[in-house]
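See structure below.
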């Protein structure tokens, strides 16, 4: 029983960590140009997501037929191996500390989280070609759950400074970017907007002061 509880706690911890990892990657790699990081190899990820994917799937185009010739919306074949490599120290550490069962729970949980991301992201944007509901639409609990996922991601496509989590929004809640209403600005967005407004006011005041200083010598010369 104690071992089962340990595995359960490890799974919950891995889900929380995966949410943070997803949020950080989504915000600072997929939505932030990274020309210097790793020699610029991640710049293509930013272009594919923020520059190409978001404008193409916004508003009425958020739901559309599944792509055939255009680039897919998957994170790509290298993301899962990269995730396993990045999280391998955690797997090894947990294995040595808590045993094989807990150690195996780490890569399995991260893999299932990744599969959930790909499953949700695809189904959010691409309804069935025949227009029929998907299998989970027949069950009210899973239908409502999917609508919750879908609503958060729709808002992200409308305003890409919020809802960076596609799966579990722990990162969004902790960083103040979680919302399920389009007309509600999370606290982190309000703080950033307030800072931007203050900065703009400072710039305008500095420019006005500079213009006054430029005019004063002209006025003195004429007198």
Problem set entry | Every pair of residues 6+ apart whose Cβ atoms lie under 6 Å, when the first sits in the range 7-19 and is within 16 Å of residue 173 (Cα to Cα) while the second is assigned to a helix (DSSP H, G or I) | 16/170; 18/110; 18/113; 19/170; 19/171
Exercise. Being at pLDDT below 90 and farther than 21 Å from residue 55 by Cα, is that true of even one residue in the range 164-181?
Worked result: no
Exercise. For the range 1-107, list the helices (runs of 4 or more DSSP H) that sit wholly inside it and hold at least 3 residues that are surrounded by fewer than 15 Cβ atoms within 10 Å (Cβ to Cβ), more than 21 Å from the chain's Cα centre (by Cα) and at pLDDT below 95; which are they?
Worked result: 2-28
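Does residue 157 satisfy being surrounded by 16 or more Cβ atoms within 10 Å (Cβ to Cβ) and over 15 Å from the mean Cα position of the chain (by Cα)?
Numbers: surrounded by 16 or more Cβ atoms within 10 Å (Cβ to Cβ): yes; over 15 Å from the mean Cα position of the chain (by Cα): no.
Criteria not met by residue 157.
The values are calculated or read from the model by the stated rules, or taken from the named source; none is laboratory data. Quantities reported herein were computed from a predicted structural model and do not represent experimental measurements. Backbone-built Cβ (ideal geometry, glycine too); neighbour counts: all protein chains shown.
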